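The block underneath contains the structure these notes are about, expressed in structure tokens.
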Amino acid sequence: MRFALSPEHADFGASVRKLLDAGHTPAAVRAWGAGDPRPGRALLRQAAGAGVTGLIIEEKYGGLGAEPIDLVVAFVELGRAAAPGPIVETAAAIPALLQALPDNSGARRWLPGFADGDALGTIAFATPDRDTVALDADTAEVVLIAQGNRLSTAHHTGLIRSVDPARRLFAVAPDEVVAEGDQVPAAIAAAFDTGALACAAQLLGAGRALLAAATEYAKQRKQFGKPIGEFQAVKQKLADVLIGLDLAEPLLHRAALTMGESTRSRDVSAAVVACGDAAYLAARAALQVHGAIGYTAEYDLSLWLTKVTALRSAWGTPDLHRARIARSLRDEAVRDRSLRGTA
């Protein structure tokens with residue numbers, strides 16, 4: 001199995017990066033965190049015009065009907081830019097959920113707006129052990145709650161503080177039932193894995209951005225008459241970050257390529273863990289290389305530092321994903337022993 005991107009994917013990623021670089025993303029992120037979503041919405045509409053929000057939406061709903069690997073390419077660039085808003089929910093999780101349901105009324109109702117960039121969506125996955133929280137529920141036109149065998153629309157009831165000011169979290173409560181039945185849990189599981197895959201891609205992109213920022217700063221900042229990037233300790237630290245990111249990337253690509261297979265959840269969890277750990281290492285290294293200025297909220301580096309911290313647990317904690325990997329490997333070993341016993 002080949003995990004390297006094709007020239008077409010590389011060109012698509014470059015075009016998304018160019019669009020986001022031209023959109024003054026840091027200013028839009030700061031405005032979003034301050035409660036003004038207008039610059040961020042304009043940026044996301046431009047991304048929608050490039051097809052980003054409609055990648056995995058089927059053509060009959062106004063999307064492109066692309067593959068998960070295309071989604072990964074786009075979300076690496078969204079993470080590299082630290083783009084604000086419920087983009088994972090709008091472009092990945094909710095389309096995967098609605099298109100997996102036997103009743104396509106929700107898909108017909110909401111997905112064309114997502115693909116066009118006219119609407120944003122957010123979703124909360126309710127579990128007994130955590131609060132029912134949705135990202136940007138005050139801004140999104142579509143707010144959903146997925147719980148058990150039921151999918152409902154929802155309304156927000158209160159703001160919850162996040163470590164990342166641009167990730168505005170809200171407690172939500174259910175309203176109208178959209179879908180209910182035995183087929184809903186499988187659709188919810190597919191939606192969660194698709195969202196987690198997009199989140200892993202964001203983490204990898206954010207890690208790449210942090211490494212680039214730290215490397216550039218190390219070339220400019222001088223100590224003892226020479227750039228700090230010439231010191232072996234700094235070189236080694238940045239090299240470790242590069243290795244971590246480069247090793248995480250094939251796991252991310254594998255997860256995208258196996259989304260339709262039985263190992264989907266395990267592969268997605270492996271990608272989340274690897275990309276999350278690599279991005280966290282990049283954040284620590286970037287903060288150490290920058291020194292005191294890296295701690296200031298006014299410096300743009302903080303946008304990526306807080307984003308990585310929040311995203312590492314946004315779609316399941318590292319412990320949850322490691323447990324999913326262990327459970328999958330254990331079940332596979334049990335099946336293998338059972339097959340050998342009957343051979």
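Before moving on, here are some points about what is shown:
- Segment 261-273, residues that are under 20 Å from V76 (Cβ atoms) and touching a residue at least 40 places away in the same chain (Cβ under 8 Å): R264, V268, S269, A270, A271, V272, V273
- Residue that is surrounded by the fewest Cβ atoms within 10 Å (Cβ to Cβ) [pool: residues in segment 36-57 that are in a loop (DSSP other than H, G, I, E, B) and free of Cβ contacts under 8 Å to residues at least 24 places away in the same chain]: D36
- One residue stands out among those in segment 248-307 that are basic (K, R) and farther than 17 Å from H321 by Cβ: the one that is surrounded by the fewest Cβ atoms within 10 Å (Cβ to Cβ), which is R284.
- Exactly one residue out of K226, K219, K235 is touching a strand residue (DSSP E or B) at 6+ places or on another chain (Cβ under 6 Å) and farther than 22 Å from A93 by Cβ, and it is K219.
- Of the strands (runs of 3 or more DSSP E) lying entirely inside segment 103-172, the ones with 1 or more residues being in contact with a Ser or Thr (Cβ under 7 Å, 6 or more places away or on another chain) are found at 121-125, 133-135, 142-147.
- If the condition is being of a type in the set (D, E, K, R), surrounded by fewer than 24 Cβ atoms within 10 Å (Cβ to Cβ) and not in a loop (DSSP other than H, G, I, E, B), then segment 58-102 contributes E59, K60, D70.
- Every pair of residues 6+ apart whose Cβ atoms lie under 7 Å, when the first sits in segment 288-310 and is at pLDDT 95 or above and among the charged types (D, E, K, R) while the second is crowded, with 22+ Cβ neighbours inside 10 Å and in a helix (DSSP H, G or I): K307/A206
- Single match in D182, D246, D164, D193 (criterion: acidic (D, E) and over 26 Å from Y280 (Cβ atoms)): D182
- Odd one out for K60 among (1) in contact (Cβ under 8 Å) with a residue 60 or more places away in the chain; (2) out of contact with any helix residue (DSSP H, G or I) (no Cβ under 8 Å at 6 or more places or on another chain): (1)
- Some residue of segment 134-151 being surrounded by 19 or more Cβ atoms within 10 Å (Cβ to Cβ), of a type in the set (G, A, S) and over 18 Å from the mean Cα position of the chain (by Cα): yes
The values are calculated or read from the model by the stated rules, or taken from the named source; none is laboratory data. Note that the structure is predicted; figures quoted are calculated from it, not measured. Please note: Cβ atoms are built from the backbone with ideal geometry, for glycine as well, and neighbour counts cover all protein chains shown.
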